[in-house]
Amino acid sequence: MGAVTDDEVIRKRLLIDGDGAGDDRRINVLLKSFTKWCNSTGSPEEGFTQYQRMLGTLAQCEFSMGKTLLVYDMNLREMENYEKIYTDIEQNITSAHDKISECKKEIQRAKRIRKNRQEYDALAKVIQQHPDRHETLKQLEALDKELQQLSHIKENVEDKLELRKKQFHVLLSTIQELQQTLESKYDCCRCALLRQDGLWVCWTVWRSLYKGWV
Amino acid sequence: LQRKLRSIWSISLLILLSRYKDRHLHMSVFSQSFSPCGRFLAAGNNYGEIAVFSLSSALSPDATDLSQTPILTFTAHEGPVFSLFSTDSHLLSAGNGEISAWSWAELIKRNTKAAWTRRPNYKSSLEIPEINAMTVNPTENSLVIGGGDNNIHIMDLESGIFKSVLQGHTDYIHCLSVREREGEILSGGEDGAVRIWDHRTGQSVHCIEVYKYEECARPQYGKWISCLTTESDWMLCGGGPSLSLWHLRSMSPTSIFPLSGCQRQANFYQDMILSVGEGQCVSHCLLGGEVKAQIPCTPHSLNTLALNLNSTDNRVLTVGGSSHQIDVFTNLSYRTFSLSF
């Protein structure tokens, strides 16, 4: 118990006497010189010089006390300053953390956008390889028209063919009939007339056919 | 063909397993899967073993060399583990023609008893076809399996019954992908065809023969498709032909990626495409067709790429290949460290 308090006392004394060697000693010396001066029996000049000396030491003590007070004030203000800086830095840290998480989200978003863009580019490349839709549509239309025209022509040609077939059929049948009537046993005048009629029929049919062909 | 050669090679190496010290030299990592919590990584190799790594301890600030080794290694199958898949509670592994399920909770407690093991109905009982790819169709809660018997088997995860078989490929299947929104299953195989199946009717809706398209085809490598992945309307496929981006609605290739070597796995990630294959690097490509970066890694040839999107803390990319080391990337631009099998 005694040792602990001794240590404490020693520590305190060391701390107090830490700066400026001999502040404590100066006060002790002042006290001793004061008592000596009070009890002095020397000459008044000696007493006066001693008195001046004591005032000097007192002034020194006051001066060092003033200095320590100022240092103490300064330390207090430094502490406040440091506290302020500490809170500032803490705020900066939290805001930097927030910014970092924001930026991370941004990066994720940007990566997704880039991915989408790349997918789009890849698809666009493939699409570019295929021909333009308008051109293909136009080609299709042109081909359609051609088809229609050609089918039209085909129909006409078929109709003509039908007509010719029918006309030839008529001609052949009239020729056959004429042949039959000629081969049958009729008198000469009738034969001649019939022959003329038959020939005239053939001739008209042939002419119409000929005209039709041209 | 490469897969068959690899499986023959690995089986012959299993015989040489007695030379323990050389195991690491001949090890290849074929598959990876992250746990549903995102804190563990399971990897399967050609010896039929599965190793579970603790990502949280490997990524923590006070990680040591020990934290880069597995917390648990066990032999899961007799043949190589070509495919691993994680559901919400279980790790599914495929090897030697069968599928085993391991509970993640049990694995973390270092208990290596399988929850169940099932085998699809193979027609021929002489040769056991290997299973190359597995994926889950979440809408139907079914497991889609593709393998060496040229067919796709669909198994219901709750009951364990094999519901249907999709037939159409003429050679074995390398890779699978599921489009949930449209209810389609896509499969790519050795015969060079990417087939799109409707999961309800079990019919092949489309068949894209990638090697027939001049811009994609690389006849010097062959026509097989070893990697397939889809995202909304887009599909990435590659292998013998160059890695190409396809627009599924118009069934046309939009971009071809000029990567040398055959790509074995590709993923869409944000606005980029990550791809691994032959070649000692992870390729970062943009959707437009340009290769943005190629990040070097340890294995000489890479087989598998996995992204841990389940967790926010351990958001890493891991790649494995023809090495006993699995590279871990915390930042996509460079390799951070390697886990050792």
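Structure notes:
- Cβ-Cβ contacts under 8 Å between residues 6 or more apart (or on different chains), taken from a first residue in the range A:49-78 that is surrounded by 11 or more Cβ atoms within 10 Å (Cβ to Cβ) to a second residue that is hydroxyl-bearing (Ser, Thr, Tyr), are listed as A:Gln50/A:Ser33; A:Gln50/A:Ser40; A:Arg53/A:Ser33; A:Met54/A:Ser33; A:Thr57/A:Ser33.
- Within the range B:274-299, the only residue that satisfies the criterion of being within 14 Å of chain A (Cβ to nearest Cβ) and under 16 Å from the mean Cα position of the chain (by Cα) is B:Leu274.
- Any pair with Cβ under 6 angstrom, 6 or more apart, that starts in the range A:103-114 at a residue that is facing chain B (nearest Cβ under 8 Å) and at positive phi and ends at one that is exposed (fewer than 11 other Cβ atoms within 10 Å of the Cβ) and in a helix (DSSP H, G or I): none
- Looking across the range B:214-273 at every residue that is aliphatic (A, V, I, L, M) and assigned to a loop (DSSP other than H, G, I, E, B), the one that is surrounded by the fewest Cβ atoms within 10 Å (Cβ to Cβ) is identified as B:Met251.
- Only one entry of A:Tyr120, A:Tyr86, A:Tyr82 meets the criterion of being within 14 Å of chain B (Cβ to nearest Cβ), among the aromatic types (Phe, Trp, Tyr) and farther than 30 Å from A:Gly212 by Cα, and that entry is A:Tyr120.
- The lone exception for B:Ala42 - which of (1) buried (at least 21 other Cβ atoms within 10 Å of the Cβ); (2) touching a Lys or Arg at 6+ places or on another chain (Cβ under 9 Å); (3) closer than 17 Å to B:Lys109 by Cβ it fails: (2)
- So B:Ser260, is it within 12 Å of chain A (Cβ to nearest Cβ) and either among the aromatic types (Phe, Trp, Tyr) or more than 18 Å from the chain's Cα centre (by Cα) (or both): no
- Among residues of the range B:195-213 being open to solvent by less than 70 Å² (accessible area, probe 1.4 Å) and in contact with a Phe, Trp or Tyr (Cβ under 8 Å, 6 or more places away or on another chain), the one that is nearest to the other protein chains (Cβ to nearest Cβ) is B:Ile208.
- Where B:Ala51 falls short, out of the listed (1) among the hydrophobic types (A, V, I, L, M, F, W, C); (2) touching a Leu at 6+ places or on another chain (Cβ under 9 Å); (3) open to solvent by 20 Å² or more (accessible area, probe 1.4 Å): (3)
- Count - residues of the range B:64-80 that are touching a strand residue (DSSP E or B) at 6+ places or on another chain (Cβ under 8 Å), without any contact (Cβ under 8 Å) to a residue 40 or more places away in the chain, assigned to a loop (DSSP other than H, G, I, E, B) and within 17 Å of B:Ser338 (Cβ to Cβ): 1
The values are calculated or read from the model by the stated rules, or taken from the named source; none is laboratory data. None of these values were measured; they are calculated from a predicted model. All Cβ positions, glycine included, derive from the backbone under ideal geometry; neighbour counts span all protein chains shown. Surface accessibility is based on the protein's heavy atoms, side chains included, excluding ligands, DNA and RNA. Shrake-Rupley method; radii C 1.70, N 1.55, O 1.52, S 1.80 Å.
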